[in-house]
1. For B:Glu191 paired with B:Thr139, estimate the spin-label separation in nm (one decimal), with each label point 7 Å from Cα along the Cα-to-Cβ line.
2. Could you pull out every one of the lysines with an alpha carbon less than 24 Å from that of A:Lys113, ignoring same-chain neighbours closer than 8 positions?
3. Summarise the partner chain shielding of B:624-634 as one whole number: the mean count of Cβ atoms from other chains within 10 Å of each residue's Cβ.
4. First select every other residue whose beta carbon is under 12 angstrom from the beta carbon of A:Asp46; then total the charges, Lys and Arg +1, Asp and Glu -1.
5. In units of 2.2 N^0.38 Å, what is the alpha-carbon radius of gyration of the range A:3-79?
6. In what sequence do B:Tyr709, A:Tyr129 fall when counting other Cβ within 10 Å, fewest first?
7. Any idea which of B:Ile408, B:Ile427, B:Phe460 is furthest toward the positive side of the dipole for the range B:391-470, if Lys and Arg beta-carbons carry +1 and Asp and Glu beta-carbons -1?
8. Taking the beta-carbon count within 10 Å as an exposure proxy, list A:Tyr141, B:Tyr140, B:Tyr53, B:Tyr214 from fewest neighbours to most.
Amino acid sequence: MSRTHVNCEVNGDAVDFLTEDGESLLNALRDELGLIGAKEGCGTGDCGACSVIMDGRLQCACLIFAPEADGAAITTCEGLASADELHPLQQCFLEGAALQCGICTPGFLIAAKALLDENPDPTETEVRYALAGNLCRCTGYDKIVRSVLEAAVQIRTPA
Amino acid sequence: MSTTEAAASTGTNGNGASGYRWVGTRPVRHDGLDKVAGKARYAADLNLPGMLYGHILRSPHPHARIVSIDTSAAEAMPGVKAVVTGADFPEAPPKGATRNLMCTVIARDTVLYSGHAVAAVAASTRREAKAAAEAIEVTYELLPHVLNISDAMADDAPVLHDNLFTRGVEPRPTEPSNIAARTVYERGDVEQGFAEADIVIEREFSTQAVHQGYIEPHACVVDCDQEGKAVIWASSQGHFKVRSATAEVLGWDTSRIKVIPAEIGGGFGGKTTIYIEPVAALLSTKAGRPVKIVMSREDVFRATGPAPGAIIKMKVGARNDGTITTAKAWLAYENGAFQGMAAMLGCMCVVSAYTLDHLYVEGFDVVLNRPVNVAYRAPSAPAAAFAMDSVVDEIAERVGMDPIDLRIHNCPSQGDPTPYGPKWPMIGLRECLEAIRDSDHYQSALPAGQGRGVASGFWFNIGEASSATVNLNENGTATVITGSPDIGGSRASMALMAAEELGLDVHLIQPVVGDTEVVGFTDVTEGSRATFATGMAVVEACRDLKEQLRKRAAKTWDCDVEEVEWVDGSAVHGPGEQEPLTLAAITGNAKRTGGPLGATASLNARGAGPAFSVQVADVSVDQETGRVTVERYTTAQDAGTAIHPSYVEGQMQGGVVQGIGWALNEEYIYSDDGNLENPGFLDYRIPVASDLPMIETCIVEVPNPSHPYGVRGVGEVGIVPPLPVMANAVADATGVRISDLPLSPPRVLEALTAAES
Ligand code: FES
Ligand code: FES
């Protein structure tokens with residue numbers, strides 16, 4: 001079977017991998033690059049567990065063909081923290097108990113980052129609509145929404 | 001405390017009110033960093049060298065005899081390393097729980113639901129495995145099917161099992177039927193109760209099957225070796241259960257199997273059983289390579305879960321002063337393809353939030369051509385509460401009483417008999433009712449155009465077997481190993497209880513979920529039992545350690561152990577002649593005082609504390625579309641004691657939102673030919689963030705006297721009240737009472753239109 005050679009940037013690093021046509025970016029990230037943060041909850045674009053930011057846009061990695069990532073810049077959950085510090089969203093999720101099982105968490109963090117990159121001061125309603133493509137079955141969203149709002153405050157007013 | 005204040009106080013300062021230093025605080029959970037960094041490993045995240053991918057072929061028919069299976073084409077396909085069918089598994093006994101489990105994992109002669117596993121392939125890639133599975137040729141002889149309770153109970157219904165004779169009927173039926181069991185609870189004389197009543201309300205209700213909807217599909221990796229040993233990595237609610245159930249299906253000795261718990265991406269009861277592990281084990285044995293199976297979302301909907309739909313008829317009598325005199329209930333619950341005990345549980349729960357002198361409750365467990373029921377958070381209780389609390393709401397309206405006051409008036413207390421036999425231990429229903437009555441939400445005027453609904457809910461909670469090992473490290477830290485998978489923060493609860501016992505900072509404690517070979521037997525995480533029962537084992541092991549620590553101090557000081565007390569993490573010499581020895585000082589010197597310190601406790605936890613929740617919601621109803629919007633929601637729940645309040649609130653909020661989904665939108669929809677029409681999150685729509693307001697929480701604490709810290713368990717009861725809460729709120733908003741769930745826009749619109757004409 002012929003495989004396609006894909007070059008792209010993931011979390012700031014130049015990477016390349018071989019992939020079959022028709023393979024999803026999600027499987028490529030997970031299987032070829034070992035980045036397991038993005039999860040498959042549905043494979044059909046309905047749950048957001050596979051969320052990544054690709055060229056500045058929030059995407060479901062399960063709906064993107066891996067060869068489409070050629071030349072793209074991708075951020076996954078693994079790219080949020082620096083060597084010595086968590087991203088404020090990660091810190092607020094921890095302190096606000098915004099995760100229970102945690103399977104949805106990487107997707108929510110990425111979707112929330114995409115929101116705050118665009119809109120640093122969202123209302124509760126804006127947060128709820130921005131996260132409406134991400135399913136969480138554990139938390140009822142309350143603590144997730146609060147944690148995103150808290151992170152927005154922290155990002156706007158660094159200590 | 002409101003959630004706003006709660007969320008603000010995330011520090012780890014002592015919880016002054018309770019007198020505990022650690023219990024009741026909100027430290028960051030120990031496994032949190034891995035989960036926000038994307039490093040936590042769930043079963044689907046594991047890849048082993050040489051690993052194959054398994055794919056399961058499933059029946060497209062709801063009921064059919066398997067005439068033949070031809071795997072030859074599949075075996076010849078590229079990358080294929082192993083193929084298995086039902087014939088490769090040990091023969092199933094003719095009836096009983098073992099047969100049901102074995103035949104759920106893979107069909108034998110008959111498929112009993114669309115989605116029933118029939119055969120499986122292991123191949124080098126996912127796609128090769130899928131293509132080969134689809135190349136397996138199965139010849140079916142179609143049989144007539146039944147999809148709903150009324151059809152399945154009819155005299156001329158096609159029968160699923162020709163050896164199923166209704167239990168609980170005298171004399172025992174001589175003809176097989178789909179009614180697996182009849183359950184009855186009765187007390188007093190219902191006819192007398194109705195005669196004493198001023199009003200009698202009689203209604204019929206229905207609810208639909210729903211799925212637990214965990215975001216992580218079932219997944220496992222199994223590696224079998226040439227000596228017949230298997231290592232299983234699985235996401236489950238109990239890895240000891242994965243071990244025993246896999247052994248049961250394969251006819252293996254359990255000692256051949258080691259199960260390593262991966263992180264679990266939600267279960268809610270749905271991962272208390274197994275589906276794929278024995279299949280992966282046989283494929284791995286045949287291929288001599290590790291095999292990974294990950295279900296697709298479609299397979300999860302078609303072949304796992306669901307919680308049953310039900311039909312419930314209620315007849316309730318009350319006096320004009322609001323006293324409920326009697327209740328008569330008839331309940332029928334779907335069981336799926338094999339017998340369960342859904343109706344029995346429903347019978348036990350249906351009137352439990354009320355004191356009744358006269359009751360008659362009769363339930364029927366019904367098999368039909370749908371996937372086998374699995375537990376879903378307080379199984380069977382939500383539908384039962386929907387029926388009873390809808391009727392109670394009508395009674396309050398008719399007698400002109402506040403619905404909370406009416407519930408307080410009829411509220412059982414300690415020593416009253418439960419509907420199912422024993423007397424109530426200490427319970428907190430009244431306190432929950434009062435918490436809602438006094439809440440800011442209930443005290444606030446209802447905004448114009450909205451409706452308000454309240455309801456209560458009950459769940460038993462259970463104890464069962466748990467084990468814990470606590471090891472003290474030479475630097476004065478502790479490792480707490482338990483056998484309970486961490487579904488929603490239980491590692492943090494275990495660490496908090498150990499911290500409280502040992503007087504150690506919670507961050508000096510490392511909580512670990514041990515595999516089946518490093519920790520003692522522990523039952524599945526179900527029945528809200530982990531913090532209660534496994535927590536009890538942790539406390540017991542820590543108390544053992546404190547004894548050992550006192551002895552080591554006595555040895556160091558050359559004094560009588562009776563002179564040594566354990567205070568705030570240090571050994572203190574009663575007579576005061578010695579400087580206190582910290583835990584770290586004792587462990588650092590352990591080599592010279594008798595060696596390393598560790599303790600293990602294994603127990604059957606008794607005295608689980610029953611759980612109650614009372615909830616209130618305000619809704620608005622769009623008259624043009626029938627859409628119900630939840631405007632405000634508050635839940636009160638008796639936690640006994642909240643060990644980590646943030647995760648208690650999380651359980652409460654999560655349960656509520658699942659219940660809202662069940663009430664408003666979720667349902668299994670089958671086509672006439674027996675196929676699930678909505679096996680995906682697009683058409684099976686669970687609540688999303690933009691559907692909801694904040695879920696305000698009041699944690700009520702009526703300690704459970706059977707637990708060292710008063711824990712009751714908080715995982716389940718929250719899902720019970722939302723069904724009647726929503727129905728009652730919609731009735732208040734529109735003046736129209738709807739007794740069939742879900743209250744989806746078309747159904748609400750239809751009811752509004754019907755009421756107008
Ligand atoms: S896995 Fe991509 S949206 Fe669900
Ligand atoms: S934390 Fe479990 S799905 Fe969101």
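1. Calculated label separation equals 6.0 nm.
2. A:Lys39, A:Lys143, B:Lys35, B:Lys39
3. Going residue by residue through B:624-634 and averaging, the value is 0.
4. Here the charged neighbours net out to -1.
5. 0.95
6. Sorted ascending by nearby Cβ count, the order is A:Tyr129, B:Tyr709.
7. So the residue we want is B:Phe460.
8. B:Tyr140, B:Tyr53, B:Tyr214, A:Tyr141
Any read-out appearing in this document is the output of simple, stated calculations on the displayed coordinates, not a laboratory observation. Keep in mind the model is a prediction, meaning the values are calculated, not measured. Backbone-built Cβ (ideal geometry, glycine too); neighbour counts: all protein chains shown.
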